Amino acid sequence: MREKSSFKKFILVLIACFSMLYFPINSFAAKSEVELSEEETAWLNECGKIRVGYVQDYMPFCEKDEYGNVNGVITDLFDVLFSKLGYKDIQIEYVAYRGFAEMSEGLIAGDVDATFPVIGEEKYLTKIGIAGTKEIVEVPMYVAYVGNYTDDIYNVIALNSRPVDKITQDYPDSVIYNVGSSEECLDALLDKKASCTVMASYRLRALTNYSKYRNINMMPFGTSMIYSIGVNLDDDILLSILNKAIDGSNKAVFTGAIFRYIEAGRTYTFSEFVIDNAVVIFIIVGTFFAIILVIVGLYANSINKANKRYREQTRITSALSRMYFAEYYLDLRNAQFRELVKPEMSGSVFLEEMNLNDAIETFISNAVSPSSADKMRDFLDIIELENKLKYSQSISVDYEDSKGKWCRASWVVVSREENGKVISLLFALSDVDEVVRKEREHEKELADALEQAKTANKAKSEFLSRMSHDIRTPLNGIIGILEINEKHCDDVEFTSINRRKARIAAEYLLSLINDVLDMSKLETDTVELLYEPVNIFKVCEEAITICNIRATENAVVLKHDNGANLTIPHVYGSSMHLRRLLINVLNNGVKYNKPGGELSCRSYIVDQDEDHVTYRFIISDTGIGMSEEFVKHIFEPYIQEKDDARSRYQGSGMGMAIVKKLVDKMKGTIEIESEPDVGTKVYITLPFEINHNADKLQELSGSKKNIKGMRILLVEDNELNREIAKYILEDAGAIVTTAENGQIACDIYEKHRAGSFDAILMDVLMPVMNGYEATKTIRKSNKKDSDTIPVIAMTANAFAEDVINAKKAGMNEHMAKPLDIDKLLQLLAEYR
């Protein structure tokens, strides 16, 4: 057999030698699958070697292994391309570079003929002096991050190459953290020097093969990068040859090579194996030790079986003893019982010689309160016991013992016959006094809460009924006065008197609406206190002035000390809410006073240190007073002492509720002393932070209201309100330009030169563009006066948070509707 095999080999060698002599050498060269020009063919025939540059450790595309061999997609790529060209014998010499920049410099300098990979489109590559071939692969870009994906991950982005256009476009405020390699990008995430990195998906997958980066998360970034071969800009022939080879190749081969190298680079350490299979390992180890413990236990059981049974029984008895203070075993078949655990406190109430029925009666007589006796007698009825336990293993009942403590008696089945009939059971007693009492307290709390809810709902229902009457009454009066004035339009004096009456009714209606809105805000705790410089003198003066008008109308003498004892008037706080608080209390002193009565307001400092001061305001009246019982409920909303109080004194029943909630928010206290037909004293104590930077100069008087010649842009969507405001301003001498919404206002402002308007009155709630947006747009304008032109909010939103929102939007002042004409003119005059 060996001789025949050798002979066959000899014949094959001879045939091969004759074939080589007969056919030309070139006939054995691989035939090109690509149509090349003569010039390109000549170039390839003359080319014995091509030098290709690559980036070190940039898998799955290229790397050098420990033996100095080049691995990665780069070797598959050039093998395929030159096979397609029919020049597999051309030598490929691979040259390593430390990074993309260094590799590009080597190509431009002519140190290598081509480079791979180069990343980016033709425009970018030409800019850096490189010509790129057609696309080898289009690689999706991924974002890598640690933890959960949020928008904040783009705050600091680690990159080892030029910034991706999509990053600079979509995240212009992001900080770019430049590093030297892809590995350093991922290290920056682990070290929390960056919040994310963006790189090619294949590169990222290759790196996350390493256990170091296994906890890094990734997701598509929404853009892709083109990977191609780079050649010198002047090397048109090589560029054309490579492009033709790429066109003739199946690109799926390159994609497959990428995934092959990614999988080949996957390392799996022992620690990863332990982490990934922790449950299985735990079960195996646990099972192993369990088996050992079982063997040891069985061995110990065989030696100490009797002792173990005794110890188990002792432990069971001890555990049950902690649950029950008394236990009895009952044998129903023989009508016998045995005491297992004797009560610690009272001792046993049973005697061993008693029969079962006598023992039960003795227990009820000595250990159960009379109020629970019948319930326990029914529970302990032996005749009915079998029916009670027919479908249950245990039943219980709570009872009160002879000492007034709550206990729980339980029947627990121990054994049954085959037909289900109970043979023996346990009778156990446990202490549930604390549990039952807490349940009773909770039930009482629920009942009280339900009663309070019913009371509150009843009060609100009564309030809504009163409000319906109180709102309709002034509205009917105003409508009636308007109709009367239309019939007597020629009688100037008569219509003037009617207008004053209508104004009083309107002011009362506005106060009702303010009370309802304030109470709603305070009940939901959405009221925000301002933190602004406050002049206590000025706030007190305004409150006194407002209330003095009503006091005069009601023949009440208002006395006050002008804040003579408040030696530290400049503080920080919320002047709007302080003024409202004082006005509410003073108005009550006027409203519930007697004709010819007195109302006094005194104030003084009760405490102070370097940065804080505490004021006390004492407001007393000689009015109708209140009962001691009603004083307890004075701060509840919708409450009035007498059913006719609303009709006689015109009140919503919310004034003092608002006062109390405001005082609480200011971290102060309020106390009330009152006696029917004698009067009421209210003590309000409020702390403030001292304003050390306040201007000590005397404030300018508010008498200047001249706006003649002022150019005002009035922005108001409501036609009637716009007409009224325009008339008032023009009547005062102003030159008014109107706009129906914020967008029109911005257009008018932009079309006029800077300085065309002295002030802007801006409504807030408008269609198309609201006042806040319009103000922000004006402030962002490039006009010279965009930062300085006064913008005054003119809105029905009159809460403190609305003032804050107006300031945030860039508005200078806030005027609440209905407009106070004097205040509006005074405010505009200050901006002349």
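Computed over protein heavy atoms with a 1.4 angstrom probe, the accessible surface ordering of His752, His577, largest first, is His752, His577. The gain in end-to-end length when the Glu486 to Met219 segment is fully stretched comes to 88.7 nm, 0.36 nm per residue minus the alpha carbon separation. Segment Asn178..Lys817, full-extension length gain: 224.4 nm, with 0.36 nm per residue of separation and the alpha-carbon distance subtracted. Checked against a 30 Å cut-off, the cross-linked pairs Lys305/Lys388; Lys127/Lys192; Lys726/Lys751; Lys192/Lys776; Lys667/Lys776; Lys538/Lys807 give Cα-Cα distances beyond that limit for Lys305/Lys388; Lys127/Lys192; Lys192/Lys776; Lys667/Lys776. Here the 3J(HN,Hα) profile of the stretch 61-69, calculated from phi with Karplus coefficients 6.51, -1.76 and 1.60 at θ = phi - 60°, is 8, 6, 6, 10, 7, 5, 9, x, 8 Hz, Gly and Pro shown as x. His560 sits among other residues whose Cβ lies under 12 Å from its own Cβ, and their net charge, with Lys and Arg +1 and Asp and Glu -1, is -1.
Extension gain, Ala300-Lys438: 0.36 nm per intervening residue step, less the Cα-Cα distance, totals 44.9 nm. How much net charge surrounds Asp758 when only other residues with a Cβ under 10 Å from its Cβ are counted (Lys, Arg +1; Asp, Glu -1)? Here the count lands on +1.
Our coupling estimate for the stretch 230-245, obtained by passing each phi through the Karplus curve with A = 6.51, B = -1.76, C = 1.60 and θ = phi - 60°, is x, 9, 5, 4, 8, 8, 5, 5, 4, 4, 5, 4, 5, 4, 5, 5 Hz, Gly and Pro reported as x.
At a probe radius of 1.4 angstrom, the accessible area of the stretch 75-123 per residue rounds to 49 square angstrom. Among the GluC sites (Glu not before Pro) in the stretch 683-792, those located in a DSSP loop and surrounded by at most 13 other Cβ atoms within 10 Å of their own Cβ are Glu699.
Cross-link reach is defined here as a Cα-Cα straight distance under 18 Å, omitting same-chain residues fewer than 8 places apart; for Lys591 the aspartates and glutamates meeting it are Asp470, Glu507, Asp515, Glu553, Asp621, Glu641, Asp643, Asp644, Glu673, Glu675, Asp677. Inter-label distance, Phe288 to Val413: 4.6 nm, where each label sits 7 Å from its Cα along the C-beta direction. Note on Phe259 and Glu33: their simple-model spin labels are 2.0 nm apart, each label 7 Å out from Cα toward Cβ. Placing R0 at 41 angstrom, the Cβ-Cβ distance between Val768 and Lys807 gives a FRET efficiency of 0.95 after rounding to 0.05. Taking amide H atoms as placed 1.01 Å from N in the peptide plane, the amide H of Ile423 lies under 5 Å from those of Ser415, Arg416, Glu417, each 5 or more residues away in sequence or on another chain.
Residues whose amide H falls under 5 Å from that of His814, counting only those 5 or more places apart or on a different chain, are Ala793, with hydrogens built in the peptide plane. With a simple spin-label model that places each label point 7 Å from the Cα along the Cα-to-Cβ direction, the separation between Asp234 and Glu671 comes to 10.0 nm.
Computed with a 1.4 Å probe over protein heavy atoms only, the accessible surface of the stretch 405-460 comes to 65 Å² per residue. Measuring between alpha carbons in the structure, the pairs from Lys134/Lys251; Lys166/Lys193; Lys454/Lys661 lying more than 19 angstrom apart are Lys166/Lys193; Lys454/Lys661.
The values are calculated or read from the model by the stated rules, or taken from the named source; none is laboratory data. Keep in mind that this is a model prediction, so the values were computed, not measured. Using ideal geometry, Cβ is built from the backbone for each residue, glycine included, and neighbour counts are taken over all protein chains shown. These area figures cover heavy atoms from the full protein model, side chains too; ligands, DNA and RNA do not enter into them. Shrake-Rupley method; radii C 1.70, N 1.55, O 1.52, S 1.80 Å.
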